[in-house]
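To start, the structure under review is shown below, and the notes come after it.
The values are calculated or read from the model by the stated rules, or taken from the named source; none is laboratory data. Bear in mind that the values here come from a model prediction, so they are computed numbers and not experimental data. All Cβ positions, glycine included, derive from the backbone under ideal geometry; neighbour counts span all protein chains shown. Ligands, DNA and RNA are stripped out before the accessible areas are found, and what is left, the full protein with its side chains, is counted by its heavy atoms. Shrake-Rupley method; radii C 1.70, N 1.55, O 1.52, S 1.80 Å.
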Amino acid sequence: ERDINTAFFLRHLFEADYKVFNRYEGEKALNDIGEIRPDVVISCVLLDDMSGLDLCSMLRGDKHYDRPFIFLTTCSAGDQQAAGMKAGADYYITKPFDPDYLQEVVRKALDNVRAYESLLRQVPQKQTAKHDEEARAQAPA
């Protein structure tokens, strides 16, 4: 978030439940995301040194980044919202925003990540069990 007041508010809104890292330039955010590995990114479309759309696209092009990306922005035109979703955003929230709604969006996004990761952990177990069952069925009696 490039607006310092909004960034401060977001920090206050989320710091009780999450570690919050503020970056005010897209390039700095892009470099630090690889090290910090945040659970979720909340970004404005209008950043000082690059477009938030470009930031989102670059992160989505990185096979190691698979976390939720949320735009929180004053850009409310329908074409901007569509561009945000095409860039790979999971959510596009316009300002002014309801803090309770943003908190629920973040919770839901992280719940979805945990559910997906849980399913992925089950797949190898099911494949192994299926393979063992097939092997037993083919073994001579």
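Quick rundown of the values:
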{"quantity": "Accessible-area value, residue 119, 1.4 Å probe, nucleic acids and ligands omitted, Å²", "calculated": "100"}
{"quantity": "Prolate/oblate/rounded label for the stretch 58-101 (Cα gyration tensor, a/c 1.5)", "calculated": "oblate"}
{"quantity": "Inter-site label distance for residue 24 and residue 100 at 7 Å from Cα along Cβ, in nm", "calculated": "3.3"}
{"quantity": "Most fluctuating residue given options 48, 79, 90, as computed from a GNM of the chain linking Cα atoms under 10 Å", "calculated": "79"}
{"quantity": "Nearest-20 debye value, the chain charge dipole, Cβ charges on Lys, Arg, Asp, Glu", "calculated": "420"}
{"quantity": "Residues whose placed amide H lies under 5 Å from that of residue 42, excluding near-sequence neighbours", "calculated": "70"}
{"quantity": "Dipole of the stretch 1-101 [Lys/Arg +1, Asp/Glu -1 at C-beta], most positive-end residue of 13, 85, 29", "calculated": "85"}
{"quantity": "Share of carbon and sulfur in the accessible heavy-atom surface of the chain [1.4 Å probe, %]", "calculated": "52"}
{"quantity": "Computed helical MRE - 222 nm, the chain, DSSP H runs ≥ 4 contributing -39500 (n - 2.57), nearest 500", "calculated": "-19500 deg cm²/dmol"}
{"quantity": "Whole-Å semi-axes of the ellipsoid equivalent to the stretch 1-114 (Cα gyration tensor, √5λ, descending)", "calculated": "18, 17, 15"}
{"quantity": "Residues with amide H under 5 Å from that of residue 93, placed H, sequence gap 5 or more", "calculated": "71, 72, 73"}
